[in-house]
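Student: Quick one: the structure is below, and I'll ask about it shortly.
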Amino acid sequence: MKYFFYITILYLIVASCGQKQQNSNVKNTTSERNDSILITYICGDIDSNKAISCKKLAAIQEEHPKNDYSLPFPPQLIDTFIIDKTVINKVINLLDNREKAPDFSEDARMYVTIKIENGINDYLCIDCISNQAKYNGESCYLDKELFFLLRYYSGFYLWFDEAKLIKLFNELQHESFFQKVLEQRKLKLIQIKT
């Protein structure tokens with residue numbers, strides 16, 4: 001009987017230590033922060049009388065979905081995440097190559113939050129003019145590949161007629177970028193039909 005009592009006590013001690021270790025592992029993995037890119041954009045070719053400010057799109061992204069979306073017209077807004085580490089690293093490297101630009105009157109179509117593992121967030125507001133953006137509030141010119149990556153992986157191009165794509169987006173003058181967009185459009189049409 002004594003042995004049964006001691007074995008039971010020993011079992012409870014070992015089991016509780018194992019449970020404590022398992023709980024600490026769960027806490028450690030959930031507190032880690034992953035890199036991601038959150039993109040909020042207005043769908044399609046919108047011609048409005050009133051410019052959309054970066055501040056307005058930032059507020060929509062921050063408050064979404066409880067924002068009132070009080071824009072002068074009822075656009076469709078899309079939020080999407082990019083979590084592919086290869087794409088995120090490419091975006092960050094291309095952002096490092098940005099060039100300073102004169103300030104411009106913004107008419108924003110896309111707002112991007114880049115969340116990096118070290119806890120720093122960067123913000124990118126993309127104008128309706130292809131090569132203009134604001135990076136953390138500073139006007140800059142960005143590489144065409146950066147525009148392509150953000151627009152392609154967010155599904156932004158899917159909201160435009162094929163005929164307008166090259167006309168509206170300079171980065172699609174690059175043949176391989178344009179071909180990828182056409183393939184993406186075909187895949188989307190197949191998904192819709194099935």
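Student: For segment 28-43, which residues satisfy the criterion of being modelled with pLDDT under 85 and in a loop (DSSP other than H, G, I, E, B)? Can you show your working first?
Tutor: As a first pass, look at segment 28-43 and keep what is modelled with pLDDT under 85: 28-34, 42-43.
Hits for segment 28-43 are 32, 33, 34, 43.
Student: Would you call residue 191 more than 20 Å from the chain's Cα centre (by Cα) and under 25 Å from residue 36 (Cβ atoms)? Quick ask: steps written out before the conclusion?
Tutor: On the way: more than 20 Å from the chain's Cα centre (by Cα): yes; under 25 Å from residue 36 (Cβ atoms): yes.
Yes; evaluated as a whole, the condition is true for this residue.
Student: How many residues does segment 127-156 hold that are among the basic types (Lys, Arg) and within 15 Å of residue 44 (Cα to Cα)?
Tutor: 1
Student: Could you list, in sequence order, all residues of segment 73-115 that are farther than 20 Å from residue 156 by Cβ and part of a helix (DSSP H, G or I)?
Tutor: 85, 89, 93
Student: While we're on this one: Kindly evaluate residue 67 against the criterion of being within 30 Å of residue 171 (Cβ to Cβ), touching a helix residue (DSSP H, G or I) at 6+ places or on another chain (Cβ under 9 Å), assigned to a loop (DSSP other than H, G, I, E, B) and at pLDDT 80 or above. Walk me through it before giving the result.
Tutor: On the way: within 30 Å of residue 171 (Cβ to Cβ): yes; touching a helix residue (DSSP H, G or I) at 6+ places or on another chain (Cβ under 9 Å): yes; assigned to a loop (DSSP other than H, G, I, E, B): yes; at pLDDT 80 or above: no.
When the stated conditions are applied, residue 67 does not pass them.
Student: Determine if segment 125-143 includes at least one residue that is in contact (Cβ under 8 Å) with a residue 12 or more places away in the chain, under 21 Å from residue 35 (Cβ atoms) and among the β-branched types (Val, Ile, Thr).
Tutor: The answer is yes; a qualifying residue exists.
Student: Give me the residue from segment 114-153 that is of a type in the set (A, V, I, L, M) and at pLDDT 90 or above and, out of that set, surrounded by the fewest Cβ atoms within 10 Å (Cβ to Cβ). Show your work before the answer.
Tutor: Of all residues in segment 114-153, those of a type in the set (A, V, I, L, M) come to 114, 116, 120, 124, 126, 129, 133, 142, 146, 149-150.
Keeping just the survivors that are at pLDDT 90 or above gives 114, 124, 126, 133, 142, 146, 149-150.
Details: 114: 22, 124: 23, 126: 27, 133: 27, 142: 22, 146: 23, 149: 20, 150: 26.
Checked segment 114-153; the qualifying residue surrounded by the fewest Cβ atoms within 10 Å (Cβ to Cβ) is 149.
Student: Now a separate question. Might you let me know whether segment 169-184 holds any residue that is touching a residue at least 40 places away in the same chain (Cβ under 8 Å) and assigned to a helix (DSSP H, G or I)?
Tutor: Going through segment 169-184, the residues touching a residue at least 40 places away in the same chain (Cβ under 8 Å) turn out to be 170-171.
Cutting the leftovers down to assigned to a helix (DSSP H, G or I) gives us 170-171.
Yes - at least one qualifying residue is present in segment 169-184.
Student: Inspect segment 144-162 for any residue being farther than 20 Å from residue 62 by Cα, assigned to a loop (DSSP other than H, G, I, E, B) and touching a Phe, Trp or Tyr at 6+ places or on another chain (Cβ under 7 Å) and give the result as yes or no.
Tutor: No, there is no match, as no residue in segment 144-162 is farther than 20 Å from residue 62 by Cα, assigned to a loop (DSSP other than H, G, I, E, B) and touching a Phe, Trp or Tyr at 6+ places or on another chain (Cβ under 7 Å).
Student: Among the candidates 169, 177, 156, which residue alone is touching an Asp or Glu at 6+ places or on another chain (Cβ under 7 Å), among the hydrophobic types (A, V, I, L, M, F, W, C), under 22 Å from residue 78 (Cβ atoms) and buried (at least 17 other Cβ atoms within 10 Å of the Cβ)?
Tutor: On the way: 169 fails: touching an Asp or Glu at 6+ places or on another chain (Cβ under 7 Å); 156 fails: touching an Asp or Glu at 6+ places or on another chain (Cβ under 7 Å).
One residue alone meets the criteria, 177.
The values are calculated or read from the model by the stated rules, or taken from the named source; none is laboratory data. Quick caveat, the model's predicted, so the values are computed rather than measured. In this analysis, Cβ positions are derived from the backbone assuming ideal geometry, glycine residues included, and neighbour counts consider all displayed protein chains.
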